[in-house]
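Here the structure is laid out as structure tokens; the discussion comes afterwards.
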Amino acid sequence: MNLKFLAGATASFAVAISASSAALAQDKTLYVGMNGGPYEKTFTEAVFPDFEKANGVKIVVVPGTSTDILAKATASKDNPQMHLIFLDDGVMMRAISSGLCEKLQPSPELNEIAASARIKGDMAAGIDMGMTGIGYNKKIFDENGWPAPTSWLDLADPKFKDKLVFQSAATSTYGLHALLMVNRIEGGSEGNVEPGFTKIKQDIAPNVLEFIPSSAKLSEMVQTGEAAIFPLTPTAIGNLKDKGLPVEYVQPKEGSVLLMIAQCVTAKNSEPELSQKLAAYLMSAAAQAKALNAGNIIPSNPSTKASNPVAQSKLDAFNGYMKTVITLDWDAVNAKRPEWNNRWNKTIER
């Protein structure tokens with residue numbers, strides 16, 4: 001009887017410990033800084049749930065633009081409030097140089113992603129591949145009998161006066177990409193932006209209805225017919241089309257600019273092991289397939305499979321755009337970015 005009692009008590013204790021451990025795991029929360037809106041919706045509804053269920057953890061999104069997230073991460077550098085941060089590739093380079101990221105641990109998933117998505121010795125990794133080109137409001141173009149745009153210099157066409165919406169180059173990667181592509185076309189480089197600033201000020205800024213800090217307002221401006229043409233990515237265009245908006249993407253003849261959204265695990269965070277586990281999951285073909293099929297997010301893992309013909313067509317189009325994509329020298333850009341931001345605010349958006 002005593003042995004039976006002891007065995008029963010031991011079993012009950014084991015169950016209690018197991019339940020307690022599960023409860024403790026359920027109490028864990030990971031905070032992820034990323035873009036809000038459709039991006040947040042895709043991950044919270046389609047990508048994160050499987051990881052949450054498998055690991056007994058809650059993932060909470062801290063929404064914001066890349067510059068917003070970088071500022072928050074910098075402010076709490078000594079006591080990180082976020083476990084993972086998603087940033088545009090150029091902003092991610094700044095985060096890495098500021099010591100905000102810890103190196104990604106070796107994993108099969110890390111080995112699977114494209115070599116171009118492994119950043120600065122695996123301090124970060126791209127999980128969403130894309131490029132900045134030109135978006136346009138097809139309804140407005142059709143009503144005016146305008147052909148689809150073909151070049152970055154179409155932004156300077158006088159017929160687009162008060163119909164061009166331009167994201168601020170001081171706060172938006174889209175705006176910065178447009179500035180640097182115009183600059184290249186005009187004979188400049190990342191080391192010499194005089195031609196770009198001159199062309200923007202003289203011929204493009206006069207067409208601008210509004211300089212917006214991010215693309216968040218663009219949906220409304222397309223819907224009201226205010227925005228006819230704007231720098232944007234195929235993914236963002238896809239999200240607007242999913243809302244029923246009459247927009248299309250164009251790959252400019254001079255090329256688009258590579259734009260990865262990358263992730264990094266924040267240094268000194270409270271859950272380093274679980275954060276690394278989440279980072280590995282987000283690089284997996286399974287997770288990226290969910291992101292592709294639910295949110296037009298182009299995978300960095302070549303093993304990712306589209307689940308339907310629509311998603312496959314997006315992958316095929318992306319692979320076509322990649323043939324003429326331009327990669328920036330982000331070290332050179334970031335070295336001059338504060339100076340350019342100041343100049344942009346004083347001479348372009350004044």
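Values computed for the structure shown
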read-out	value
Residue that is assigned to a helix (DSSP H, G or I) and more than 28 Å from G121 (Cβ to Cβ), where the choices are Q288, Q312, Q276	Q312
Which numbered condition F51 misses (of (1) open to solvent by 40 Å² or more (accessible area, probe 1.4 Å); (2) within 23 Å of M129 (Cα to Cα))	(1)
Failed item, numbered, when L274 is tested on (1) under 28 Å from K77 (Cβ atoms); (2) open to solvent by less than 20 Å² (accessible area, probe 1.4 Å)	(2)
Exclusive hit being loosely packed, with under 15 Cβ neighbours inside 10 Å and either under 28 Å from M260 (Cα atoms) or aromatic (F, W, Y) (or both), set G187, G196	G187
Every residue from the range 300-314 that is open to solvent by 20 Å² or more (accessible area, probe 1.4 Å) and either touching a strand residue (DSSP E or B) at 6+ places or on another chain (Cβ under 7 Å) or in contact (Cβ under 8 Å) with a residue 60 or more places away in the chain (or both)	P302, S303, K314
Scope the range 99-125; condition assigned to a helix (DSSP H, G or I) and open to solvent by less than 30 Å² (accessible area, probe 1.4 Å); matching residues	L110, A117
Filter result (more than 25 Å from M181 (Cα to Cα), more than 20 Å from the chain's Cα centre (by Cα) and in contact (Cβ under 8 Å) with a residue 12 or more places away in the chain) within the range 233-271	L245, P246, A267, K268, N269, S270, E271
Lone unmet requirement of (1) open to solvent by 60 Å² or more (accessible area, probe 1.4 Å); (2) more than 17 Å from N183 (Cα to Cα) for E339	(2)
Residue in the range 315-336 that is least open to solvent (accessible area, probe 1.4 Å), counting only those that are part of a helix (DSSP H, G or I) and among the β-branched types (V, I, T)	V333
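The values are calculated or read from the model by the stated rules, or taken from the named source; none is laboratory data. What you see is a predicted model; the values in this text were computed from it and never measured. Glycine also receives a Cβ, built like all others from the backbone with ideal geometry; neighbour counts cover every protein chain displayed. Calculation scope for accessible area: heavy atoms of the full protein, side chains included, ligands and nucleic acids excluded. Shrake-Rupley method; radii C 1.70, N 1.55, O 1.52, S 1.80 Å.
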